[in-house]
Amino acid sequence: MTKEKNSFDPIGTNAEILRFFKQQWNQIIDWLKAEPSDSFIVRILKAIGKVLAVILFILLSPVVAVTLFIAFLLAF
Amino acid sequence: MKKILHDIWNDPILCRPLFLICVFFFLAHQIAEKWMDIHLKWADNYLDMLVLMPILLTLYTVEKMHFRHIHVSVSRSEIIFLTLIVGFISEFVFPYFSYRFTYDLFDLIFLWIGSLAFYLDRYFLIKLSVK
C-alpha cells in the first residue's frame, strides 16, 4: 500500500509534524487572502490583533513594571 | 539622554493638576503612614488605589511620548486594558506573594474611579485645546 502524498502520519518525525502545521498555516493564510477585507471574520481577527497589540504594548512598558514593583514593595 | 530628561521636565503633562494632586496625596499618605505612624482607615485601605491609575497613566503617557516617540495621547482602549491588567495583578497575583494583599472589590472600584478621572482630565484637556 503506497502512502498518500502530503498525508499526515501521527507517529511521524518532528520534521513531518512541522511540515503538516506549515501546510495548514499556509492554507489558512491563502483562505484569509481570498476573503474580502470587510468580511466578518477578517474584522474579528483585526479586532483581536489590535487588542493583543495593546496588551503587549502595555506589558512591555518598563514604567508599568517599575510602578507595580514599587507598589508591591510599599505594601510588602 | 540629557535632552530627553530636559523634555520630560518641561512636559506640560507632568504639570496637570490631577497628576500633582495625586502625587501629593500619595506622598503625604506614605509619609504619614510609614514615618509619622498616623493611620487613617479609609486612606490606608483605598487612597493608594485611587491615586495609582492617574499617576501610572501619566507616567505611561510620558514614556510613550519621550521614549517610544509615539506622539499620540493614551487611547481609551489603553486606559481600559491597563486598568484591567493592574487590577488583575494587584488583586489576584499579589495576594499569592504576600498576606498583606487581600482581594477587595472596593479596591477595584477605586482603581476604576482613578482611571475615569484621568480619562476625563485628558478629554477636557483635548476639548479645551481644540477650542
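Look through the stretch B:66-83, keep the residues that are aliphatic (A, V, I, L, M) and more than 16 Å from A:L60 (Cβ to Cβ), and return whichever of them is farthest from the other protein chains (Cβ to nearest Cβ).
B:V72
For the stretch B:1-16, which residues satisfy the criterion of being without any contact (Cβ under 8 Å) to a residue 12 or more places away in the chain and not aromatic (F, W, Y)?
Step one: of the stretch B:1-16, the residues without any contact (Cβ under 8 Å) to a residue 12 or more places away in the chain are B:1-3, B:5-6, B:9-10, B:12, B:15.
Passing the criteria: B:M1, B:K2, B:K3, B:L5, B:H6, B:N10, B:P12, B:C15.
Take the residues of the stretch B:7-36 that are within 18 Å of the chain's Cα centre (by Cα) and assigned to a loop (DSSP other than H, G, I, E, B): which is surrounded by the most Cβ atoms within 10 Å (Cβ to Cβ)?
Here the residue is B:R16.
Within 12 Å of chain A (Cβ to nearest Cβ) and either acidic (D, E) or part of a helix (DSSP H, G or I) (or both), is that true of B:D44?
Here the answer is yes, as B:D44 does meet what is asked.
Which members of the stretch B:61-74 meet the condition of being surrounded by fewer than 16 Cβ atoms within 10 Å (Cβ to Cβ) and free of Cβ contacts under 8 Å to residues at least 24 places away in the same chain?
B:R68, B:H69, B:I70, B:H71, B:V72, listed by residue number.
Out of the stretch B:39-68, which residues are of a type outside the set (S, T, Y) and over 16 Å from A:A71 (Cβ atoms)?
From the stretch B:39-68, those of a type outside the set (S, T, Y) are B:39-45, B:47-57, B:59, B:62-68; that's our starting set.
Passing the criteria: B:H39, B:L40, B:K41, B:W42, B:V62, B:E63, B:K64, B:M65, B:H66, B:F67, B:R68.
Tally the residues that are over 19 Å from B:F88 (Cβ atoms) and part of a loop (DSSP other than H, G, I, E, B), restricting the search to the stretch A:30-76.
Number satisfying all stated conditions: 5.
Laboratory data are not the source of any read-out in this text; all were calculated from the coordinates shown. Treat the numbers as computed from the prediction; the structure is a model and nothing was measured. Every residue, glycine among them, receives a Cβ derived from its backbone with ideal geometry; neighbour counts consider all protein chains shown.
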